[in-house]
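The values are calculated or read from the model by the stated rules, or taken from the named source; none is laboratory data. In this text the structure is predicted, and so the values were computed from the model without any measurement. FYI the Cβ positions are ideal-geometry reconstructions off the backbone, even for glycines, and counts take in every protein chain you see. Side chains are part of the model used for accessible areas, which takes the heavy atoms of the whole protein and leaves out ligands, DNA and RNA. Shrake-Rupley method; radii C 1.70, N 1.55, O 1.52, S 1.80 Å.
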Amino acid sequence: MAAILPVAQRGETILTLTAAPVSASEFGSEWLLQLAVAMTATMLERNGVGIAAPQVYISKRVIIVASRPNPRYPDAPEMDAVVMVNPEILAFSEQTCLGEEGCLSVVNQRGEVARAQTICIRYYTIAGQRVETTFEGFPARIVQHEVDHLNGVLFVDRLT
Ligand code: ZN
């Protein structure tokens, strides 16, 4: 069973840093695989629908997006979990939508955040395969929230 990692909380420096890209030599490594396994276990244990490596004190550009209904997000659509390494949002739709967000690093606070309805994203798999795809609605919201973490931004910074 994978280890559950401690989750950094708002106010800690790690959450304000720009995370470093995963390097070519790290793709396909046991280290990267185990990081993804531990991040997934930590996210599931806390009823998250996404997680970013800086939240578990690893300042690297790795996120997991895993929308599914759970006690924190009962209306979330079901999708297979996706591990995204070095994700880059290539395009944001002009159309935005408001939606409630929370964060494993910001306990007991939620807020309405405007996000692009649709995004185009490029990322790499753990093995280093390049993927370009589109996300819409709640999964697109999760991607934007998690990529923010890689740039030192929390959803509370986006509340108007
Ligand atoms: Zn978060």
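Points worth noting:
- Criterion violated by Gln95 - all others in (1) closer than 26 Å to Val22 by Cα; (2) surrounded by fewer than 18 Cβ atoms within 10 Å (Cβ to Cβ) satisfied: (1)
- Residue within region 149-158 that is surrounded by 14 or more Cβ atoms within 10 Å (Cβ to Cβ), in contact (Cβ under 8 Å) with a residue 60 or more places away in the chain and more than 13 Å from Ile51 (Cα to Cα) present: yes
- Of the residues making up region 109-121, those that are away from the ligand (no atom under 14 Å from the Cβ) and either open to solvent by 80 Å² or more (accessible area, probe 1.4 Å) or in contact with a Pro (Cβ under 7 Å, 6 or more places away or on another chain) (or both) are Glu112, Ile121.
- Qualifying residue in region 46-53 (condition: at pLDDT 95 or above and among the polar types (S, T, N, Q)): no
- Scoring Leu15 on the criteria (1) of a type outside the set (Ser, Thr, Tyr); (2) under 17 Å from Phe155 (Cβ atoms); (3) open to solvent by 40 Å² or more (accessible area, probe 1.4 Å) leaves a single failure, condition (3).
- Yes/no for Ile58 being at pLDDT 95 or above, open to solvent by 40 Å² or more (accessible area, probe 1.4 Å) and closer than 21 Å to Phe27 by Cα: yes
- Only one of Val106, Val85, Val131 that is away from the ligand (no atom under 16 Å from the Cβ), out of contact with any Asp or Glu (no Cβ under 8 Å at 6 or more places or on another chain), at pLDDT 95 or above and open to solvent by less than 20 Å² (accessible area, probe 1.4 Å): Val85
- Long-range neighbours under 6 Å by Cβ, at least six apart or interchain, first residue at pLDDT below 95 within region 5-16, second assigned to a loop (DSSP other than H, G, I, E, B): none
- Taken together, the criteria exclude Ala19 from residues that are more than 14 Å from the ligand (Cβ to nearest atom) and in contact (Cβ under 8 Å) with a residue 24 or more places away in the chain.
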